[in-house]
Amino acid sequence: MITLNLDFKTEEPEHLRAVWNLLDKYRNWLTTATKSSDERKVESLDVKPLLVLTGESDKQATVFYRDVPVGQRLLVFGAVHTNTSDPMAAPEILEPGAASNYRRWWNNSWAVVERGGQAQAGDWTREDELRLRSLVEHAHASGLWIRFYTLDGASNEELSCHGWFRSYNFGSLSAAQERWRAAKKAGVDFIASDQYEALQRLLKTPSEP
């Protein structure tokens, strides 16, 4: 299955409806679920080659969920809302709700794992590992997929060459790889990185026992 994450920068209703209409044109390729009268009831997925995810915005939920008639198919699945007032709060404070029929995943910056995020991360510690595991376990217990963005490790020259964000940078590839391995071990569902080829190689490497 291919996952397409829609990262909207503008949310004009006409824009969102145009995206919905395009997805509807190719709905036979999309993983969908039936919209029931109770949003809290998580309907089973009809799995197809492409899974489309979108953000936590209520404007997106209006077009991609609320405007869809009961009994019709949901083509896009949103993220749950995250309480970001204290990124290092307990998992159940950051995300107190369970999955719904529309909101099926949890999108996080790395700042909820290591204080200050990538740019301020130090050595990877046992405490960091336990923190990451607690977030993943909470997500899965709530019926959610969990994603972390964007785990890069590059030199200043590489950042400038590729146009990558400094705020997402651990400072070295080895530091990023350590987090990739930890995320894989913890069962993170979606790991975002601009260094996707290196990440792919690591994910395909058999895990240590």
Filtered residues of segment 171-188 (kept if out of contact with any strand residue (DSSP E or B) (no Cβ under 7 Å at 6 or more places or on another chain) and either among the hydrophobic types (A, V, I, L, M, F, W, C) or outside any helix (DSSP H, G or I) (or both)): Gly171, Ser172, Leu173, Ala175, Ala182, Ala186, Gly187
Subset tally (residues that are more than 18 Å from Gly116 (Cα to Cα) and either among the basic types (Lys, Arg) or modelled with pLDDT of 95 or more (or both)) for segment 148-172: 0
Residues of segment 163-198 that turn out to be in contact with an Asp or Glu (Cβ under 7 Å, 6 or more places away or on another chain) and open to solvent by 40 Å² or more (accessible area, probe 1.4 Å), as a count: 3
Tabulated pairs, segment 61-77, first within 14 Å of Asp46 (Cβ to Cβ) and in a strand (DSSP E or B), second open to solvent by less than 10 Å² (accessible area, probe 1.4 Å) and among the small types (Gly, Ala, Ser), C-beta under 8 angstrom, 6+ apart or interchain: Arg73/Ala33; Leu74/Ala33; Phe77/Ala33
Residue count, segment 115-129 (criterion: open to solvent by 50 Å² or more (accessible area, probe 1.4 Å), in contact (Cβ under 8 Å) with a residue 12 or more places away in the chain and either part of a loop (DSSP other than H, G, I, E, B) or among the aromatic types (Phe, Trp, Tyr) (or both)): 1
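Inside segment 14-47, can you point out the residues that are basic (Lys, Arg) and touching a helix residue (DSSP H, G or I) at 6+ places or on another chain (Cβ under 9 Å)?
Narrowing segment 14-47 to residues basic (Lys, Arg): 17, 25, 27, 35, 40-41.
Listed by number, the residues that qualify are Arg17, Lys35.
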Condition check for Val112: under 20 Å from Val136 (Cβ atoms) and surrounded by 13 or more Cβ atoms within 10 Å (Cβ to Cβ): yes
Qualifying residue in segment 132-142 (condition: outside any helix (DSSP H, G or I), among the β-branched types (Val, Ile, Thr) and surrounded by 14 or more Cβ atoms within 10 Å (Cβ to Cβ)): no
Filtered residue count, segment 40-77, keeping only those that are among the acidic types (Asp, Glu) and open to solvent by less than 70 Å² (accessible area, probe 1.4 Å): 3
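Within segment 78-91, can you find the residues that are surrounded by 13 or more Cβ atoms within 10 Å (Cβ to Cβ) and either of a type in the set (A, V, I, L, M, F, W, C) or part of a helix (DSSP H, G or I) (or both)? Quick ask: steps written out before the conclusion?
Restricting attention to segment 78-91, the residues satisfying the condition of being surrounded by 13 or more Cβ atoms within 10 Å (Cβ to Cβ) are 78-82, 87-89, 91.
Passing the criteria: Ala79, Val80, Met88, Ala89, Pro91.
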Conditions (1) under 21 Å from Trp20 (Cβ atoms); (2) surrounded by fewer than 15 Cβ atoms within 10 Å (Cβ to Cβ); (3) of a type in the set (Lys, Arg); number of the one not met by Arg104: (2)
Filter pass, Ser207 being surrounded by fewer than 19 Cβ atoms within 10 Å (Cβ to Cβ) and part of a loop (DSSP other than H, G, I, E, B): yes
Test: residue in segment 11-22 that is touching a residue at least 24 places away in the same chain (Cβ under 8 Å), part of a helix (DSSP H, G or I) and open to solvent by 70 Å² or more (accessible area, probe 1.4 Å): yes
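Any chance segment 126-140 includes a residue that's over 27 Å from Arg104 (Cα atoms) and over 20 Å from the mean Cα position of the chain (by Cα)?
yes
The values are calculated or read from the model by the stated rules, or taken from the named source; none is laboratory data. Only a predicted model underlies this, so the values are computations on that prediction, with no experimental measurement involved. Virtual Cβ from ideal backbone geometry, glycine too; neighbours counted across all protein chains shown. Areas reflect the complete protein model, heavy atoms only, side chains present, ligands, DNA and RNA absent. Shrake-Rupley method; radii C 1.70, N 1.55, O 1.52, S 1.80 Å.
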